[in-house]
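A.B. asks: My structure is below; once you've seen it, I'll send some questions.
Read the figures in this text as sums done on the coordinates, not as results from a lab. Keep in mind the model is a prediction, meaning the values are calculated, not measured. Positions of Cβ are backbone-derived with ideal geometry, glycine not excepted, and every protein chain shown enters the neighbour counts.
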Amino acid sequence: VRPRDHGEPGTVLDLGPVDEVLPRGRARVEVGRDGTPVLIVRNRRGVFAMRNRCPHRGVRLDDAKVRGKSIKCAFHGREYDLRSGDCRSKPPGRRDGRLTTYRCWVDRGRLLLAVPAERS
Ligand code: FES
């Protein structure tokens, strides 16, 4: 997804019609001034947005498996809660315990994302 503008931190970005943006239930977008990589996924449980970096080693979550309200990193298998970002498969560590999640929702068929206020 390439939004016309990447959104100012703290604002809401309209990414377009949800069925066009997420035809296969997954989309990548870069938002904010620093181009924060965001992964958006949709399933029967809802629409979820997160920083597209696994907190463990910082790899992209493009190939991560999504099941219900959790996402499982394809590299070492850590599983994170899609809403809270909490790591479900291992007790949170000092620095790599939590996936950064963002507010994302559908309003009148349009996919909206709260642009992160700062790099996280
Ligand atoms: S890089 Fe994701 S679990 Fe290790």
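A.B. asks: Which length gain, in nm to one decimal place, applies between GLU30 and ARG57 when the Cα-Cα distance is subtracted from 0.36 nm times their residue separation? Let's see the in-between values first.
C.D. replies: Values: separation 27, 0.36 × 27 = 9.72 nm, distance 1.96 nm.
So the chain would gain 7.8 nm between GLU30 and ARG57.
A.B. asks: Continuing with this model, one more query. Return, for the Cα atoms of segment 1-67, the radius of gyration and Dmax in Å, separated by a comma.
C.D. replies: For segment 1-67, the Cα-based Rg and Dmax read 12.1, 33 Å.
A.B. asks: Pop the C-beta distance of LYS69 and ARG110 into the FRET formula with R0 = 30 Å and round what comes out to the nearest 0.05.
C.D. replies: Values: r = 23 Å, r/R0 = 0.76.
With a Förster radius of 30 Å, E is 0.85.
A.B. asks: Would you mind estimating how fast the chain diffuses translationally, via Stokes-Einstein at 20 °C and 1.002 mPa s with the Kirkwood radius over Cα pairs, in µm²/s?
C.D. replies: Roughly 150 µm²/s, to the nearest whole number.
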